[in-house]
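The values are calculated or read from the model by the stated rules, or taken from the named source; none is laboratory data. Just so you know, these numbers come straight off a predicted model, no measurement behind them. Here the Cβ positions follow ideal geometry from the backbone for every residue, glycine too, while neighbour counts run over all protein chains shown.
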Amino acid sequence: MAILDKLLRRNTMSEVATAIEVNCATGEVTERPLTAAEITQREADAVAYAAKKAEEDAKAASDAVAKDALLTKLGITADEAKLLLA
Amino acid sequence: MTTSWTAIASVTVGVLGTSSIDFTSIPGTYTDLCLKTSLRTNGVGAVTYAFMGMTANGTTSGYSDIHLIGNGSGAGSFSNTGAASYRQSIITNNSIGTANTFSNVDVYIPNYAGSANKSISVDAVNENNGTGAYAILSGNLLSNTSAITSLSIFQLDAQTILQYSTATLFGIKNT
């Protein structure tokens, strides 16, 4: 939950998580606290999204290392590789 | 054929910010919907943008998406399956970016009241007075055949949507 704690600590604009709800049938706009279910879902979404971002960052870093290793193996620069592929 | 656009509802976020913007009781009398947003949010990390999620009817499963993205120096694509929302299509400006700037996003929702699965398309950009601002074109699918009667947008990092952000829902009718 460390990631979630970090996320929520930065959420400083409002003490209570709220939703602005507009009823399209009546035009009435209300601001209400999130329900317990909504808070749980929001936390789950944030954790899932943080995990996905971490996975993508790790893959990008891994791909960059592999690319550098391949360029070294071939003895060419990134610009020269672009020329080959153009 | 005549196409008419009607602003069904519009929200401007107040000084305290909000966690989500919800449109409820959306009438089923239009052909399509279009949600236009101008957003700025708190963010996580040293980037000038963040992504929003959007759910329909409170549904939190069965979403998939595919995206083309460019930032002025590079381009790429990515996709999600099994997501809990229409994810990473609606972009927002992070509060560490250029002051007083907001993202611009069009979400088009065709046949929202029909009985087919609910696909949407999204055309989105964030704004940044500097190198690196993102443009995204997305196609998203919710594998659920229920008519859309409510929409909720929120920041995927569980951050606050900031003051002066706006969201306007249009109904489009072909006659």
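Could you grab me the full set of residues in region B:58-88 that are away from every other protein chain (no Cβ under 13 Å) and either outside any loop (DSSP other than H, G, I, E, B) or not polar (S, T, N, Q) (or both)? Can you show your working first?
So in region B:58-88, the residues away from every other protein chain (no Cβ under 13 Å) come out as B:62, B:64, B:66, B:68, B:70-73, B:75.
Listed by number, the residues that qualify are B:G62, B:S64, B:I66, B:L68, B:G70, B:G72, B:A75.
For B:T81, state whether it is hydroxyl-bearing (S, T, Y) and free of Cβ contacts under 8 Å to residues at least 40 places away in the same chain.
Values: hydroxyl-bearing (S, T, Y): yes; free of Cβ contacts under 8 Å to residues at least 40 places away in the same chain: yes.
Considered against the rule, which asks whether it is hydroxyl-bearing (S, T, Y) and free of Cβ contacts under 8 Å to residues at least 40 places away in the same chain, B:T81 comes out as yes.
Have a look at B:S38, B:S85 and point out the one that is within 18 Å of B:A116 (Cα to Cα), under 15 Å from the mean Cα position of the chain (by Cα) and buried (at least 16 other Cβ atoms within 10 Å of the Cβ). Before the answer, list the steps.
On the way: B:S38 fails: within 18 Å of B:A116 (Cα to Cα).
It is B:S85.
All but one of (1) exposed (fewer than 14 other Cβ atoms within 10 Å of the Cβ); (2) more than 30 Å from B:T24 (Cβ to Cβ); (3) more than 23 Å from the chain's Cα centre (by Cα) hold for A:P33, so report the exception by its number.
For A:P33, the exception is condition (2).
Please state which one of B:S150, B:S143 is of a type outside the set (A, V, I, L, M, F, W, C), modelled with pLDDT of 95 or more and buried (at least 17 other Cβ atoms within 10 Å of the Cβ).
Numbers: B:S143 fails: buried (at least 17 other Cβ atoms within 10 Å of the Cβ).
When all the criteria are applied, what remains is B:S150.
Can you confirm whether region B:129-149 contains a residue that is hydroxyl-bearing (S, T, Y) and within 14 Å of chain A (Cβ to nearest Cβ)?
Scanning region B:129-149 turns up at least one residue that is hydroxyl-bearing (S, T, Y) and within 14 Å of chain A (Cβ to nearest Cβ).
Does B:L68 fit the bill of being closer than 27 Å to A:A25 by Cβ and at pLDDT 95 or above? Write out each step before concluding.
Working: closer than 27 Å to A:A25 by Cβ: no; at pLDDT 95 or above: yes.
No: the conditions fail for B:L68.
Looking only at region B:111-140, filter to residues that are hydroxyl-bearing (S, T, Y) and more than 18 Å from the chain's Cα centre (by Cα); which one of those is modelled with the lowest pLDDT?
B:T131
So, in region B:100-140, exactly how many residues are hydrophobic (A, V, I, L, M, F, W, C), outside any strand (DSSP E or B) and more than 20 Å from B:G74 (Cα to Cα)?
At the first step, the residues of region B:100-140 found to be hydrophobic (A, V, I, L, M, F, W, C) are B:102, B:105, B:107, B:109, B:113, B:116, B:120, B:122, B:124-125, B:133, B:135-137.
After this cut, where a residue has to be outside any strand (DSSP E or B) as well, the list is B:102, B:113, B:116, B:133.
Then keep just the ones that are more than 20 Å from B:G74 (Cα to Cα); that gives B:102, B:113, B:116.
Result for region B:100-140: 3.
Run B:G97 past the list (1) part of a loop (DSSP other than H, G, I, E, B); (2) within 12 Å of another protein chain (Cβ to nearest Cβ) and report the number of the one that doesn't hold.
Condition (2) is where B:G97 drops out.
Restricted to region B:117-131, and to residues that are surrounded by 19 or more Cβ atoms within 10 Å (Cβ to Cβ) and among the charged types (D, E, K, R), which residue is farthest from B:L33 (Cα to Cα)?
So the first thing to find is which residues in region B:117-131 are surrounded by 19 or more Cβ atoms within 10 Å (Cβ to Cβ), and the list is B:118, B:120, B:122, B:124, B:126-128.
So of that shortlist, the ones also among the charged types (D, E, K, R) come out as B:118, B:127.
Numbers: B:K118: 12, B:E127: 25 Å.
The residue in question is B:E127.
Six or more apart or on different chains, Cβ under 7 Å: which pairs go from a residue in region B:2-29 that's more than 7 Å from chain A (Cβ to nearest Cβ) and touching a residue at least 40 places away in the same chain (Cβ under 8 Å) to one that's part of a strand (DSSP E or B) and basic (K, R)? Could you list them?
Listed by first residue and then by second, the contacts come to B:S4/B:K173.
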